[in-house]
Amino acid sequence: MDKPKTRLYAEKTSFWVEGMVILLVLAAAFQVVGCWGLWSDQFFVITQIALPALSFLLFALFVSLLGRKALWLSVLPFLGGVGFYALRFWNAGDMIVTVSGIVFCALALVLYMGTVFNLIHTKWLLVILFAIPFGYRAFYRDVKLLQDLEHPVSFAAGMQEMSLLCVVLGLLLLSLGMRKYVKEPKNKDAAAPAAESAPAAVPAPAAAPAVEAVPAPVEAEALPAVSEPVNNDEKTDSDEA
């Protein structure tokens, strides 16, 4: 018997998906505002403005519209977002940030694809993957940067950091909001499921062997009636009387 198939889906009316959509829209807006005015370099515009903004918006659109039936299609805009952050970490200028950032991007891509394609049968790896960097950046790294008054964070860097936090938090909400659907396999004998549980039918008794009809005895032909002989003696006696 085949095993039941499971898949993950996301309900667009849930709190988790609605929160993810809002955060990714904000992430796209923060990214555009953070890079505003840097239109002279066409490569920068494509890779640092157009690519992330479109990836964030399409991801939110795919999940909200197709998350119930085909959540795996969200892999397409997810690839765009991973490519954007991998390129950003590549140009970070710090070897530790570059290596850790690219490793995180590769791990996020593998875990997300494995989860939505049902190769990894749990969502909690994604939850842990997105919860750790969000907690680190929001409650430790960014707090220290804000407290450093000698080297204040620029407005552009602050907007891009807000964009990153919105993306990671949005993916964390989506991971928490994923639900599992179990699809029972179709059985070949599903057309008559009651036949399996019903008691076996009692076989009908075998028919008695056919007996050859014996022809009825042929009645003897009626013999013509034979008239009794007349006793002449008796007749004579009656006459004499």
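Brief remarks follow.
- Any hit, region 96-112, residues being closer than 18 Å to K180 by Cα and surrounded by 17 or more Cβ atoms within 10 Å (Cβ to Cβ): yes
Each row is one residue, and each column tells you yes or no for (1) outside any loop (DSSP other than H, G, I, E, B); (2) at pLDDT 95 or above; (3) over 25 Å from E11 (Cβ atoms); (4) over 27 Å from the mean Cα position of the chain (by Cα).
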residue	(1), (2), (3), (4)
S74	yes, yes, no, no
G81	yes, yes, no, no
L87	yes, no, yes, yes
A92	no, no, yes, yes
L107	yes, yes, yes, no
M113	yes, yes, no, no
T122	no, no, no, no
I128	yes, yes, no, no
F134	yes, yes, no, yes
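- Breaking point among (1) in contact (Cβ under 8 Å) with a residue 12 or more places away in the chain; (2) under 24 Å from V21 (Cβ atoms), for A157: (2)
- Which numbered condition S40 fails, given (1) hydroxyl-bearing (S, T, Y); (2) over 27 Å from V110 (Cβ atoms); (3) in contact (Cβ under 8 Å) with a residue 24 or more places away in the chain: (3)
- Residues within region 1-47 that are part of a helix (DSSP H, G or I) and more than 15 Å from M162 (Cβ to Cβ), tallied: 13
- Here region 1-11 is the region considered, the condition is being buried (at least 16 other Cβ atoms within 10 Å of the Cβ) and not hydrophobic (A, V, I, L, M, F, W, C), and the residue that is modelled with the highest pLDDT is Y9.
The values are calculated or read from the model by the stated rules, or taken from the named source; none is laboratory data. This is a predicted model, so every value here is computed, not measured. With ideal geometry, Cβ positions are generated from the backbone for all residues, glycine too; neighbour counts draw on all protein chains shown.
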